[in-house]
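Remarks on the structure that follows.
Derivation of every value follows stated rules applied to the coordinates shown; laboratory data play no part. None of these values were measured; they are calculated from a predicted model. No Cβ is skipped: glycine too gets one built from the backbone with ideal geometry, and neighbour counts run over all protein chains shown.
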Amino acid sequence: MIPYYRHMNINGVMFKMNKILQTQLDILKKLVRMDFDCVIIIDGEIEGTGKSVLAQQCALFCDNTLDIDRIVFTPEGFENAILNADKYQAVIWDESYEGGNKYQIMTAQNQSIGALLRKIRQKNLFIFIVVPSIVDLSYYIACRRSWALIRAELSIDYEKLTISRGNFSFYNRSKKKWLYEVEAKRLDYRKGYKYSNSFVGFFENVYGVNKQLYLEKKADIDPTIQTIDERSFTQECIRRGMPWASPMKLCEFSTFSEKHFYRLKKEMNSPRTITDGLTVK
């Protein structure tokens, strides 16, 4: 039986890589050399699926100079890593929830990141964005800017009642966009809209950089960082006079229905009187 993986030994880091995944990454490596850049999203909603390990293996395969300095956890770190990276190097933005979150699309930090993603083509970099779910990202990053999605998953054996890590599904550009449309509730799966992956495979639990240094760096993340919720985000858009549709398609960043949006807008614009600590319409 022909094995579906190849043994890798990159700078002393040894792991098995799925053959089809390797082929896809080889194609992207050639594209980068042809003056493109490469943005890949890696997600996995359940903590511990191994998406960070998977991202490191893919990044190391694309760039054998990968080190801990180009694995970052904040928008500021991402910006610094991008500006300091050389051509054809890889940068991993790990657990980038607070920066790429679709409800923070108006913040100065996220606007800065969007601007960076528009400019990095000149640097021909590999950018790996690791998030809990692709729908946590804006439509621009998730669908227009990225080449592929790799989803880390758990395998459940219902007979033995065991759970194993190390599985993934790969979605190419078109399949990724279809998945986003359905999972972001832009299309109703109940009406028959479905999505499928390009292929599946497994990966080993092998870090691409020093595991201890990675865990120490990740532990230094400020736990007090908070993200704005969807209702607050929508209210802020209304205060700024942003419409539901063009010129900024607010519907791309919100799961609210159009009816809910106008109801919220009417509620915010209605006159209110404050009496004895009570709010009366």
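Taking every pair of distinct Cα atoms and averaging 1/r, then inverting, what Kirkwood hydrodynamic radius in Å comes out for region 5-219?
The answer is 17.5 Å.
Taking every DSSP beta bridge with both residues inside region 5-219, roughly what % is antiparallel (nearest 5)?
Counting only bridges with both partners in region 5-219, antiparallel ones make up about 55 percent.
Nearest 0.05, what FRET efficiency do LEU161 and ILE68 give at R0 = 41 Å with Cβ-Cβ as r?
The pair LEU161/ILE68 has a calculated efficiency of 0.65.
When Rg is the radius of gyration of the Cα atoms in region 1-84 and Rh is its Kirkwood radius, what does Rg/Rh come to?
0.98
Quick one: Karplus J couplings for region 131-146, per residue in order, coefficients 6.51, -1.76, 1.60, θ = phi - 60°, nearest Hz, x for Gly and Pro?
9, x, 8, 4, 6, 6, 9, 5, 4, 4, 6, 5, 10, 7, 8, 9
Name the residue farthest towards the positive end of the dipole of region 5-219 from the options SER198, LEU125, TYR158, assuming +1 on Cβ of Lys and Arg, -1 on Cβ of Asp and Glu, about the Cα centre.
SER198
Tell me, what HN-Hα J-couplings in whole Hz come from the Karplus equation 6.51 cos²θ - 1.76 cosθ + 1.60 at θ = phi - 60° for each residue of region 49-64, using x for Gly and Pro?
6, x, 5, 5, 5, 4, 4, 5, 5, 5, 5, 5, 5, 6, 9, 6
What does the charge count near ARG6 come to, summing +1 for each Lys or Arg and -1 for each Asp or Glu among other residues with Cβ under 10 Å from its Cβ?
+2
When averaged across all projection directions, what area in nm² does the alpha-carbon convex hull of region 4-52 cover?
4.6 nm²
Using 1/(1 + (r/R0)^6) with R0 = 45 angstrom and r between the beta carbons of ASN84 and VAL182, what's the FRET efficiency to the nearest 0.05? Display every interim value, and only then the final one.
On the way: r = 38 Å, r/R0 = 0.84.
Efficiency at R0 = 45 Å is approximately 0.75.
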